[in-house]
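Report on the structure given below.
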Amino acid sequence: MKTEFLDLPPVSTARGTLRLPGSKSISNRALLLAALAEGDTLLHDLLSSDDVDRMLDALRTLSVDWQHAGGDDYRVRGTGGHFPVRKADLFLGNAGTAFRPLTAVLALMGGEYRLHGVPRMHERPIGDLVDALRQVGARIDYEGNEGYPPLRIHAARLNDAAVVRVRGDVSSQFLTGLLMALPLTGRAVRIEVEGELISKPYVDITLALMRQFGVAAERQGWQAIELPANARYVSPGDCYVEGDASSASYFLAAGAIGGGPVRVEGVGRDSVQGDVAFAQALEQLGARITMGPNWIEAQAPESGRLSAFDLDLNHIPDAAMTLAICALFADGPSRLRNIASWRVKETDRISAMATELRKLGAIVEEGADYLAITPPAALTPHAAIGTYDDHRMAMCFSLATLGGVPVRIMDPGCVAKTFPDYFARWAEVAA
Ligand SMILES: O=C(O)C1=C[C@@H](OP(=O)(O)O)[C@@H](O)[C@H](O)C1
Ligand SMILES: C=C(OP(=O)(O)O)C(=O)O
């Protein structure tokens, strides 16, 4: 049965060291590329969570042979680009990193597939990806609303289009899906991005993982990416998953708000994840940050109080939610800008964040693509925070307890999407 709520006690300090769970973005990319590659891959430190389970389940349904190899390691037997099962029904939960790339890959696989998810997944757009795939001859139907899952993918005769255009202003996962899938055609393809690409650093994660699996795509600014002819995914043998930089944000913010130092291990200066830039954002708020190749540490500002901020956060949409909570602890009104994509994620995050911050006493102005947050003199105690089946809402609002108030988190189990033991880890650093 679902636990209905979790009462978090007030805390005044945060201090300690935490080994991060694996990156969701890297785990799901690495699993799919390992499944498409020639040769076996040993994936180390894979994230264990709902989103990754959706990808693992889907691969198993498609008869991709993978095994748990102890600890957080998994061995995947590559298929050389041909999944054995040509007819399948796949439930992908609310995992964007499973749904979008699998749509693109299966559209080129020559089989009949149905892809669906939780009700919210059926409200998250996918039309721009379907439009792009149709340019190479893919046959995809919408089962319900035009532009949204569920999808029915049919076997199709692909054409030899040399250029594919995809919109980039709703989700970067559409471009990511195309990039991962189009090498399967074996032809040179130029992907052109229409509109301003959002969440750019996630595309660099995709390109970095593709490179590890032997496919070097050439990115020309953010307008176009060229895929070479005769590309093949080849297993690197071993593939290491970094710690999750978005999950790191809650603990780094805790250090910045609650004294610190708090150190996270598993991501650092050498990370391929764009969300490590959250540490730079915290620094702009006055926090003291130190970094090694594989760790980041955060401490409160010298003054003890975070500075108010006005930041464009398009490059770190997930970690940006953590900054909305930091705004509660800042020395004046703050603004989070260029975050329109929040509206089509696990919930409408702009609206959800505004509603729940107000319960803590903040004055919040909500725009189409921004939030303006004025912190209260003191946080309102005993707020019951709705989480909207959004893991990040649940994780973010634990930080409010650093204001010395008890907070009730509704449906705390929703953190399982990316961080199942989040609250146990939280209790280790917050006192
Ligand atoms: O490609 C990825 O791994 C992701 C891309 C981002 O989505 P958008 O590109 O839709 O902003 C991010 O919010 C999501 O959690 C993970
Ligand atoms: C937006 C998110 O997930 P998804 O990969 O489902 O898009 C997220 O984890 O914040």
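The values are calculated or read from the model by the stated rules, or taken from the named source; none is laboratory data. Keep in mind that this is a model prediction, so the values were computed, not measured. Ideal geometry is used to build each Cβ from the backbone, glycine not excepted, and the neighbour counts take in all protein chains shown. Note: accessible area is taken over every heavy atom of the protein model, side chains too, but ligands, DNA and RNA are not part of it. Shrake-Rupley method; radii C 1.70, N 1.55, O 1.52, S 1.80 Å.
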_Inter-probe distance in nm under a simple model that places probes 7 Å from Cα toward Cβ, at Asp270 and Ala431_ = 3.2
*Give the percent of DSSP beta bridges with both residues in the range 15-139 that are antiparallel, rounded to the nearest 5.*
60
*With r defined as the distance between the Cβ atoms of Arg343 and Ser307 and R0 fixed at 25 Å, what FRET efficiency is calculated, to the nearest 0.05?*
0.35
*Which whole-number percent gives the relative contact order of the chain, counting Cα pairs below 8 Å spaced six or more residues apart?*
18
*the range 357-431 - percent relative contact order, Cα under 8 Å, separation 6 or more*: 24
*Of Ala368, Ala58, Ala30, which has the largest mean-square fluctuation in a 10 Å C-alpha GNM of the chain?*
Ala368
*asked:* How much accessible area per residue does the chain have, counting only protein heavy atoms and a probe of 1.4 Å, in square angstrom?
replied: 36
_Which one, Ala400, Ala300, Ala161, has the greatest fluctuation when you compute a Gaussian network model over the chain with C-alpha springs under 10 angstrom?_
Ala161
*Find, among the trypsin sites (Lys or Arg not before Pro) in the range 1-104, those assigned to loop by DSSP (not H, G, I, E, B) with at most 10 other beta-carbon atoms within 10 angstrom.*
Lys2
*Where GluC sites (Glu not before Pro) fall in DSSP loop in the range 146-235, at most 16 other Cβ within 10 Å*: Glu146, Glu196
*Count neighbours as other Cβ atoms within 10 Å of each site's Cβ, and list the trypsin sites (Lys or Arg not before Pro) in the range 140-178 that are DSSP loop with at most 13 such neighbours.*
Arg157
_Suppose we take every Cα in the range 24-227 and form the convex hull; what volume per residue is that in Å³?_
100
*What does the chain give for Rg and for Dmax, in Å, if only its C-alpha atoms count?*
21.3, 64
*Value of D in µm² per second that Stokes-Einstein yields for the range 276-339, Kirkwood Rh from Cα pairs, at 10 °C (1.306 mPa s)*: 132
*asked:* Which of Ser171, Ser63, Ser334 ends up with the largest GNM mean-square fluctuation for the chain, with Cα atoms connected below 10 Å?
replied: Ser63
*By DSSP, what percent of the beta bridges with both residues in the range 24-227 are antiparallel, rounded to the nearest 5?*
70
*Once the piece of chain linking Asp169 and Ala216 is laid out straight, how much longer is it, given 0.36 nm per residue of separation minus the C-alpha distance between them?*
14.5 nm
_Carbon/sulfur fraction of accessible area - the chain, other protein chains in place, 1.4 Å, %_ = 48
